Amino acid sequence: MDVGNDMQSAETDMGSAMKRLMVVVLFDRIDLLDVTGPAEVFSLLQREMDRPTGYEVVLAAETLDPVTTSAGVRVLPDVTFAELAGRAIDTLVVPGAVKTAADGEIVAWCDPEVVDEVRRLAGHTRRVASVCVGAHILAAAGLLEGKRATTHWSTARQLAAEHPGVTVDADPIFIRDGSVWTGAGLSACLDLALALVADDYGLELASRVARQLVMFLRRPGGQSQFSVSLEPASATRRVDELRHHIAAHLADPLTVADLAAHAHVTDRQITRVFKAELGMTPAAYVEHARVEAARHRLETTDETLSRIAGNCGFGTVSTLNRAFRRTLNTTPSEYRERFRIS
């Protein structure tokens, strides 16, 4: 389904007061920040403008009854889905919800009725944006087919397994593919909303809103949400031991041959095990582990880039720079400027 085509003709020039209906979808067990975060960003924009933003933010649900969020806080819808029938929607924001499986795994949960409503509303919407695991609802509605998308790292594998037609990239904070935007979670909902504001009114105004939120001016969409410390535990003791070995010996060569020798297996076996259990090659995992260590030092120390490169196994600053570009889509210096902890 090509979202937004029906809306292109509706974008007539209304001057500085162009009306933009921003609809946030509500349903029980929804994550509270996914609802309030984008709404707050859209609201704060008015403080930075000397004319009306044109944004009309409404919360929509099946009925006007209070919706209970996962935090236990109840939220009152403004309109029902039925009341939006036929109305031209500028932006449809779709949050998500999760449940805990019997084995303790976090699983994205989609209400079929909500999926149907999102599919229907998207038919007269200029752009659609999912927040956190809301990407699963977009995928179930057929809105991500053939597109690149992201979601919270904890459910990325579920999204890829259930929707093979979607190119899932669990790394970026948000992704734009045509008129469909997908964001990671949870605080990344603010970055996504700021990106929508920048798309509408420019980066300068979005940066002012970011300052109102006491955020760094703007994290790029390609900024990684990956963290080796957040990866799930390995299924075998051997891989867990290798991960601990890597973390303790980042300055060592750590080639595939080195890791295979340490685990007493062949190079081919070690590569197969890493791909099966961690979803990446040994070399890719080592690079991510080194980047993670460098990120921590950039955030918490005054060490020079040269010292960090040596201590984390990169050898040179240029190698450190290439690794950050490749995995985080930024440079070590830019990362330190944004995320340094005083």
Checklist entry - Solvent-accessible area per residue for region 82-165 at a 1.4 Å probe radius, Å²? => result 38 Å²
Checklist entry - What residues have an amide H closer than 5 Å to that of THR330, excluding those fewer than 5 places away on the same chain, when H is modeled at 1.01 Å from N in the peptide plane? => result ARG325
Checklist outcome for this item: Where a ≥ b ≥ c are root eigenvalues of the Cα gyration tensor, a/c under 1.5 meaning rounded, otherwise prolate if a/b exceeds b/c and oblate otherwise, the chain counts as prolate
Checklist entry - Which whole-angstrom value gives the distance between the alpha carbon centres of region 280-304 and region 172-211? => result 26 Å
Checklist entry - Going toward the positive end of the dipole of the chain, with +1 on Lys and Arg Cβ and -1 on Asp and Glu Cβ, which of TYR201, ALA309, ILE246 do you reach last? => result ALA309
Checklist entry - Can you list the lysines whose alpha carbon sits under 30 Å from that of LYS19, skipping same-chain ones fewer than 8 residues off? => result LYS147
Checklist entry - Over the heavy atoms of ARG120, what accessible area does a 1.4 Å probe trace out, to the nearest 10 Å²? => result 90 Å²
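Apply the a/c threshold of 1.5 to the C-alpha gyration tensor of region 244-297 and tell me whether it is rounded, prolate or oblate. Walk me through the numbers on the way to the answer.
On the way: a/c = 2.60, a/b = 1.53, b/c = 1.70.
Oblate is the answer for region 244-297, as a/c is 1.5 or above yet b/c matches or exceeds a/b.
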Item to check | Most to least accessible of HIS288, HIS244 (protein chains only, probe 1.4 Å) | outcome: HIS244, HIS288
Item to check | Protein-only accessible surface order, largest first, of LEU59, LEU196 at 1.4 Å | outcome: LEU59, LEU196
Checklist outcome for this item: With +1 on the Cβ of every Lys and Arg and -1 on the Cβ of every Asp and Glu, the dipole magnitude of the chain about its Cα centre, in debye rounded to the nearest 20, is 1020 debye
Checklist entry - By the gyration tensor of its Cα atoms, with a ≥ b ≥ c the square roots of the eigenvalues, what is the shape of region 37-120: rounded for a/c under 1.5, prolate for a/b over b/c, or oblate? => result prolate
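The values are calculated or read from the model by the stated rules, or taken from the named source; none is laboratory data. Predicted, not measured: the structure shown is a model, and the values here were computed from it. With ideal geometry, Cβ positions are generated from the backbone for all residues, glycine too; neighbour counts draw on all protein chains shown. Ligands, DNA and RNA are excluded from the accessible area calculation, which covers all protein heavy atoms including side chains. Shrake-Rupley method; radii C 1.70, N 1.55, O 1.52, S 1.80 Å.
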